[in-house]
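To keep things clear, I will list the structure first and then write my remarks on it.
Readers should treat all values here as calculations from the given coordinates under stated rules, not as data from a laboratory. Just so we're clear, the structure is a prediction, and the values are computed from it rather than from any experiment. Because the Cβ atoms are built from the backbone with ideal geometry, glycine has one as well, and the counts that use them run over all protein chains shown.
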Amino acid sequence: MSLIEHLATGATTICRAWALERRDGVVLGFTDHDRDLSFEGVMFRAEAGLTARALEQVTGLAVDNSEAVGALRDAGLREEDILAGRYDGAALRIWEVNWADPVQRRLIFRGALGEITRAGGAFRAELRGLSEPLGQPGGRIYHAACSAVLGDGACRFDLETPGYFAESAVVSVRDGVEISFDPIDTVGPGWFAFGRLMVLSGAAEGLVGHIRDDRMREGLRVLTLWDSLRAPIAPGDMVRLTVGCDKQAATCRLKFDNMLNFQGFPHIPGEDWMTAYPKAGQVNSGGARRTAL
């Protein structure tokens with residue numbers, strides 16, 4: 001018997017099951033049935049107390065939307081992980097399942113988690129359908145700075161190149177944003193500015209911070225983040241540091257030798273050039289107004 005035939009009987013044994021896959025590969029399963037279920041290699045736990053509002057699904061490109069509500073009492077669903085952002089953008093699948101015969105099921109939602117709020121030992125998560133990204137603005141912007149992300153498919157720079165990354169243990173942390181390390185001689189001074197810090201161990205393992213400043217102070221390499229991580233980082237934690245790029249053509253050429261893949265337009269006229277007019281006492285030869293790269 002199929003699920004449709006089961007529903008047609010009028011006396012059904014139906015529940016819902018959720019499979020949540022975080023960006024770090026961790027997969028968690030939940031169900032609103034009073035017993036655990038298992039299918040597709042996922043154990044759907046009943047203890048999570050997870051419920052969901054009715055799904056609103058429409059044809060066309062409109063965004064499917066709903067909410068999931070649950071109690072923070074499942075062993076795999078911890079408040080500190082939600083606060084650390086480990087569930088932000090997690091992939092989500094929801095099935096309607098015959099709990100008496102889980103082979104009879106249908107996928108009713110596929111998408112991702114949106115905004116998550118928590119209060120009083122419970123959380124509320126927005127569900128976003130697959131059509132959500134279609135509503136985001138896109139297209140290329142023409143300006144002098146590079147539009148690529150360092151190391152992506154447009155940039156093509158290999159971030160595993162020796163001299164452009166380092167792994168080191170944290171020596172000290174100040175105010176959650178100023179992190180000190182022993183000297184790192186393999187990477188040039190100041191090169192970590194605008195780069196990335198990925199935590200490899202400790203309470204903040206897997207989280208990524210963006211580096212604002214890189215300098216030497218009192219014999220230590222001191223990096224300042226733009227924002228503190230959403231979980232504590234402590235002395236002794238291992239991190240991976242990746243050099244940064246300020247998106248300028250000169251940096252691409254001199255620091256990365258990657259000008260062939262530069263995605264900006266360094267010679268495009270700016271607003272100052274477009275509104276410029278001749279002035280007495282200045283050179284008005286009509287020559288180039290930009291210096292060579």
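Highest mean first, the peptides 169-178, 80-89 sorted by other C-beta atoms within 10 Å per residue fall in the order 80-89, 169-178.
Around ALA145, what is the net charge, scoring Lys/Arg as +1 and Asp/Glu as -1 over all other residues with Cβ under 9 Å from its Cβ?
Charge balance in the 9 Å sphere: 0.
A dipole drawn for region 184-270 from +1 and -1 charges on Cβ atoms has a positive end, and of LEU197, LEU225, HIS267 the residue lying farthest that way is HIS267.
Relative protection proxy for 137-144, 159-166, 227-234, from highest mean packing down: 227-234, 159-166, 137-144 (other beta-carbon atoms within 10 angstrom).
Among TRP226, TRP191, a tally of other beta-carbon atoms within 10 Å of each Cβ gives an order, fewest to most, of TRP226, TRP191. How would region 117-179 be classified by its alpha-carbon gyration tensor: rounded, prolate or oblate, with rounded meaning a/c under 1.5 and the a/b versus b/c comparison settling the rest? Oblate. The residues neighbouring VAL187, those whose beta-carbon lies less than 14 Å from its own, together hold a net charge of 0 under the Lys/Arg +1, Asp/Glu -1 convention.
Classify region 165-242 as rounded, prolate or oblate, taking a ≥ b ≥ c as the square roots of the eigenvalues of its Cα gyration tensor: rounded when a/c is under 1.5, otherwise prolate if a/b is larger than b/c and oblate if not. Note, shape of region 165-242 comes out rounded.
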